[in-house]
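Asker: Starting off with a structure, shown below.
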Amino acid sequence: MGHSHALTGAGLWLLAAPALAVVPEIGGPAAGLAPVVYGMLSPAELVAGAVVCAGAAMLPDLDHPHSTIAQTFGPATWVLSKVVNWLSGGHRHMTHSLFFVVAAGVGAHLLADHYPIGRDIMVVLLIGLALRAVGIGVPQRTIMSAMVNIGLTAGTFLFFHSRGVGYMWLGLAVAVGCLAHVVGDCLTERGCPVLWPLKHKWLLPWNMGLKTGRRFEVKILGPVLSVVVVGLLAARLIPVM
Ligand SMILES: [Zn+2]
């Protein structure tokens, strides 16, 4: 389900970002990552990263035109999702693989580095997906939901802009988010073609498969993930404020 993916994405980012930010200072081969994440992230960038990462954790399911997230921006995201579905060969194919994790990350990084307009479109899309995933929207009211989402997304984007958020970390956040989704889906009953184009579906932990949308997810997993994300956010931000 959407919010589990979004929350794991945000959580994984908050766990990983501070460690990644110090990589260039350590030196060695890993310092090659320096253009990707240089220096420490500002608090606003850390938060923006968590939101973007939560949105990126929804990207793989854009291969499903009937999913809620495909309605995020109304017809615009529906058409996008039709295209993604066609390109990836259906639901839970190419977009649920390590190939997609790397391709989306590299693509987002290239946008961040060379094409400011493309980068802004990507950031806006990801903010919208994140908001939609955590339940922003009006049930049964597709157009209304899209309007609400567009307004809130624009507000969030402008807020990040006003805080001077840079996007050199965009590729990394997108890759982390997509990875969180693929791993999450591998824990559910059907698994993912992790090594696409190989067709084998990977299932963790070896066929114990959790079921999506069941009470466990709504009553336990969702609340636990929310607490973890809020806790991590507090732990990261309070020392610097
Ligand atoms: Zn999925």
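Asker: Carbon and sulfur atoms: what percent of the 1.4 Å accessible area of the stretch 108-169 do they account for? Present the calculation step by step, with values, prior to reporting the outcome.
Answerer: Numbers: 2360 of 3430 Å².
Carbon-and-sulfur percentage of accessible area, whole number: 69.
Asker: Right, something else. Given 0.36 nm per residue, what is the gain on full extension from His66 to Val227 after removing their alpha carbon distance, in nm? Let's see the in-between values first.
Answerer: Working: separation 161, 0.36 × 161 = 57.96 nm, distance 2.94 nm.
Working it through step by step, the gained length comes to 55.0 nm.
Asker: Right, something else. Given 0.36 nm per residue, what is the gain on full extension from Val83 to Ser42 after removing their alpha carbon distance, in nm? Walk me through the numbers on the way to the answer.
Answerer: Numbers: separation 41, 0.36 × 41 = 14.76 nm, distance 3.55 nm.
Working it through step by step, the gained length comes to 11.2 nm.
Asker: Let me ask something additional. Taking the Cα centre of the stretch 58-206 as origin, work out the dipole magnitude from +1 charges on Lys and Arg Cβ and -1 charges on Asp and Glu Cβ, in debye rounded to 20. Walk me through the intermediate numbers first.
Answerer: Working: 9 positive and 6 negative charges, 35 e Å.
Around 160 debye, computed over the stretch 58-206.
Asker: Please work out the FRET efficiency for the pair Gln140 and Ile238, using the Cβ-Cβ distance as r and a Förster radius of 30 Å; give the result to the nearest 0.05. Can you show the working numbers first?
Answerer: Values: r = 40 Å, r/R0 = 1.32.
For Gln140 and Ile238, the calculated efficiency is 0.15.
Asker: I'd like the accessible area for Thr142: 1.4 Å probe, protein heavy atoms, all chains in place, Å² to the nearest 10.
Answerer: Only protein atoms counted, so the area is about 70 Å².
Asker: Using 0.36 nm per residue of separation minus the Cα-Cα distance, give me the extension gain between Ala154 and Val106 in nm, one decimal. Walk me through the numbers on the way to the answer.
Answerer: Details: separation 48, 0.36 × 48 = 17.28 nm, distance 2.50 nm.
The Ala154-Val106 span can extend by a further 14.8 nm.
Asker: Give me, ordered by chain and number, the residues 5 or more places off Trp202 or on other chains with an amide H under 5 Å from its own placed amide H.
Answerer: It is Cys192, Val194, by chain and number.
The values are calculated or read from the model by the stated rules, or taken from the named source; none is laboratory data. Remember, it's a predicted structure, so these values are computed and weren't measured experimentally. All Cβ positions, even for glycine, are placed from backbone atoms using ideal geometry, and neighbour counts span all protein chains on display. Each accessible area value is taken on the protein alone, full model and side chains, heavy atoms only, with ligands, DNA and RNA left out. Shrake-Rupley method; radii C 1.70, N 1.55, O 1.52, S 1.80 Å.
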